[in-house]
Each structure stands twice: as structure tokens, then as C-alpha cells.
């Protein structure tokens, strides 16, 4: 009645055909239960932002994604597919395969700008140079000083380097050979901005001895646990400043949240945007932020800025208040009085539903429509605002994920 061996291949019998039918019926029933439950979605602050016919998974995922300590633990993420005929939404898992990431990394390496210490031996002739290392990590050389923002050198933006969102490209330079820094800014404590291993490497570096770590309120507790001496930690509230040589570094407003680990919440640590003010030049770094008019206060207090590094990636319909879209990033650049926009927070980790390169295409179109000057460096490439390069759509050569 049944094949004598599970390895035997032949035409299906009536019994196997019936088993297939029963399995399909059972799967359909389970799918209806899991994927056909109406839910209400809320933003990260608990406010109702949409009421739509969704799924049980959409509610589960929304809650998991809003928990900063659980988001990096997801091996994959849910993809929203619209059924236009019924107006329903379904969520399906789209797993990250190691092979896909490996292929993308190989394609990225062709375009990556690999840097060496010699590249930074001579200060920029203009007095201001920004080197984007990927995601939110940037080296800012300003008026004779060097400031490193959000140093993330880890393979994954996750509590573990064994699983979680994996980087698309290797770091353009080894952390150990960075030139002598004057300050390190840590915008907030999420895993894609605060890398424990990188902090420990900088702390133990002879080259970076006595370099201060400047961060938002509460984040210093992480650093102390990781071995950073208290004398090297400077915590700032919004609108507080600290001096580093001839620079003034200011923490400013941002709309986001924070938290790290299984027991910490947004009430323990603060997030901020950052202004780096020199005798001649000024730079703005958004950190992580969502859309709100309060970001303009940074421009009123500390602008105008020669260049504004503003996030454009990891947006989504279930968290509209905590991450800017590319179009909102262009508007934010205008609000903070940025003279030149350098998009960050993309092209290194996949942290949202959209394809990795979608933010780039959208920000180019939005900047052109708004007549906002824009630069789009490759990871590892430097920008001098006095002589910005024309936009080159290098990401299209890498391909889709």
C-alpha cells in the first residue's frame, strides 16, 4: 500500500495523494488562524498609528521589533505583502541566508574604498573632511581635530557575533590602525551604534590613550562595565556641551528610543543628535531619529552646518516615529540648516523590510526635488564639503538583495 522504502521513487498512490490533500487543508486552516487575525498596530511610544486587517504575526513582530534588545536576535524578518484585492496584509518570513550575505559582501568589496593610516596622515587642506565607514560610523576631521562617531566594527549588529543582522561589507580600515583621535562620540546604546568590542579595543589602544568617550546620559554605565575608566566618560543631556581642544561638542534633540540587554529600557539611557563645532567649521550627526520639528532646534542653536550626516535607512510602517524615511531626512537637513547632506545608517546592515539600496534611490530623488546638495560616498570614501563630488549611483552596481 505504501512504498517499502522512504527513498523509493514512483507514482503517488491514492493514499499519498489523499495525504497531500489533507496536509494542504490543514496548512490552510493553520494559515487562516495565524495570518487572518485583525490587529491594531502601535508605534514605539504605545500610540495607535494604524488600524488595519493584519495578522497575528504582524502584532508579534511589531512588539518584538519595538523591543530594542530582541530586534537583533531575529535571524530573519517579516515581509509585508499587500493583497490589493482584499486590502489585507500578510506577513511572511524572509530568512537571511549566509550565502546571500556572502555574495553581497563580495560585490561590495569591489566598490569598497579600503583605507590605510597614510590616508589620514595629512590634514584636509580645507580644514574639514568626513570619512564614512558604513552605517552610522564616521571619522570627522575638523579644524585640526579628529572625532570618531559610533564606531561599529563588529560582524553583526547583535548581542552575539554568532547570529543577528550581518554586515554586508568589511570595515574599510582596521580599528587598531586608526589615526590618533581627539574624541569618540557614541550617539546612543543600540547595538548598531554601540559596539562593545570596538569600545574595548579603543580603550586598550596605546594610540588612543586618554581619548574621551562622549555620550548621552546613562550610556556611560555600559562603558564602565566594559572597562572604560570613569575619567574618560563624558555624559551629556540635551543642550549640554563639552570642550575637546578647540572644539565644542553638543548633544541635541532627537526622536528615538534606547535600551540594551534583557533588563534595560528607554528610561535608563538617553539618545541624542550631535553637533561638532569648531572655530571654522560645523558638523551635524543625527544619530537615530524619527521625524519631528524639534530637530530644527539643533540648527537654531548650533547651525548652520557645513555638512549634515543624517540617517536614511531602517524605516518601516510599524515604527514611523523613530526612524526617518529618506524624504524626511532631506527635510531634516533643511531644518537643521545643513548646507550639504551625507546620508548615513544604510548599506551595512539590513534592519528593516525594505531592500538595502532602496534608501539611496529615494534620497537622491528627494534631494533633487528639494534642491538640497547631496553626496553619496562609498563606504570608506572621504568627502570635503568645499569640493563635493557629483552623485554616483555606485550601489546599483552591487545589485539587489
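The values are calculated or read from the model by the stated rules, or taken from the named source; none is laboratory data. Remember, predicted model here, so these are calculated numbers, not experimental data. Note that each Cβ is placed from the backbone with ideal geometry, even for glycine, and that neighbours are counted across all protein chains shown.
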- Message: Going through 340, 335, 351, 324 one at a time, which residue ends up being in the same structural domain as residue 166 (by TED's automatic domain parsing), crowded, with 19+ Cβ neighbours inside 10 Å and within 19 Å of residue 390 (Cβ to Cβ)?
- Response: 340
- Task: Can you work out which of the residues in segment 358-377 that are touching a helix residue (DSSP H, G or I) at 6+ places or on another chain (Cβ under 6 Å) and surrounded by 19 or more Cβ atoms within 10 Å (Cβ to Cβ) is nearest to residue 309 (Cα to Cα)?
- Result: 374
- Tell me, which residue of segment 271-285 that is in a loop (DSSP other than H, G, I, E, B) and within 18 Å of the chain's Cα centre (by Cα) is surrounded by the fewest Cβ atoms within 10 Å (Cβ to Cβ)? 271
- Sole residue being under 16 Å from the mean Cα position of the chain (by Cα), in the same structural domain as residue 251 (by TED's automatic domain parsing) and on the phi < 0 side of the Ramachandran plot, chosen from 288, 268, 293: 288
